[in-house]
């Protein structure tokens with residue numbers, strides 16, 4: 001998905017807590033489950049740290065630098081949280097609280113909202129990993145070395161990362177034109 005499609009999809013998500021979850025996934029390349037388990041102490045103006053306990057396989061932590069767009073969205077979300085909760089979030093509070101006290105947004109709730117937003121947007125083939133795939137493909141297309149993309153995404157092998165990278169028809173044509 002391109003930037004315009006991501007913007008449209010996120011704008012169609014029904015609630016601000018769904019939108020910030022999508023923005024985190026979009027801007028960090030993380031999985032939905034990782035985004036929902038983030039706590040405020042894992043987020044700073046410089047980086048989002050996915051601690052080992054919330055990553056796939058729970059093997060290693062990773063930090064992803066925060067872009068200005070993500071920082072702006074996080075600050076706006078923090079202000080919303082203060083109004084909703086009547087207090088500043090503390091370190092161990094979930095970034096995106098769930099319906100019940102002390103819980104985080106459920107991935108099922110997010111997926112239901114995403115499915116409705118995709119239908120309303122007229123976008124097909126949207127999955128929870130669409131944000132992750134788009135982030136990693138965009139970084140690769142921008143010339144970011146694969147080893148750097150791999151470090152940010154948390155993939156352990158180049159072959160696992162390469163399954164995420166989409167190849168456009170224009171890229172195929174350009175590659176064919178470069179054949180000797």
(request) Might you check whether a residue that is assigned to a loop (DSSP other than H, G, I, E, B) and at pLDDT below 95 occurs anywhere in region 32-44? (result) no
(request) Would you mind stating whether residue 91 is within 18 Å of residue 48 (Cβ to Cβ), over 15 Å from the mean Cα position of the chain (by Cα) and either modelled with pLDDT of 90 or more or buried (at least 18 other Cβ atoms within 10 Å of the Cβ) (or both)? (result) yes
(request) State yes or no: is residue 170 in a helix (DSSP H, G or I) and surrounded by 11 or more Cβ atoms within 10 Å (Cβ to Cβ)? (result) no
(request) Pairs only if they're at least six apart or on different chains, beta carbon under 6 angstrom, first in region 120-144 and at negative phi and outside any helix (DSSP H, G or I), second modelled with pLDDT under 90 and surrounded by fewer than 19 Cβ atoms within 10 Å (Cβ to Cβ); list them, first residue then second. (result) none
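A quick yes/no check of all residues on (1) out of contact with any strand residue (DSSP E or B) (no Cβ under 9 Å at 6 or more places or on another chain); (2) buried (at least 17 other Cβ atoms within 10 Å of the Cβ); (3) more than 22 Å from residue 69 (Cα to Cα):
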| position | (1), (2), (3) |
| --- | --- |
| 113 | yes, yes, yes |
| 124 | yes, no, yes |
| 127 | yes, no, yes |
| 136 | yes, yes, no |
| 146 | yes, no, yes |
| 149 | yes, yes, no |
| 153 | no, yes, no |
| 156 | yes, no, yes |
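Kindly indicate which of 33, 29 is buried (at least 17 other Cβ atoms within 10 Å of the Cβ) and within 19 Å of residue 129 (Cα to Cα).
Numbers: 33 fails: buried (at least 17 other Cβ atoms within 10 Å of the Cβ).
The match here is 29.
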(request) Identify, from the list 24, 90, 64, the residue that is within 27 Å of residue 161 (Cβ to Cβ) and not in a helix (DSSP H, G or I). (result) 64
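Do the conditions hold for residue 4, that is, is it more than 15 Å from the chain's Cα centre (by Cα) and surrounded by 13 or more Cβ atoms within 10 Å (Cβ to Cβ)?
Details: more than 15 Å from the chain's Cα centre (by Cα): yes; surrounded by 13 or more Cβ atoms within 10 Å (Cβ to Cβ): no.
Considered against the rule, which asks whether it is more than 15 Å from the chain's Cα centre (by Cα) and surrounded by 13 or more Cβ atoms within 10 Å (Cβ to Cβ), residue 4 comes out as no.
The values are calculated or read from the model by the stated rules, or taken from the named source; none is laboratory data. Worth saying up front: this structure is predicted, and the values here are computed from it rather than measured. Reconstructed Cβ throughout: ideal geometry from the backbone, glycine too, with neighbour counts over all protein chains shown.
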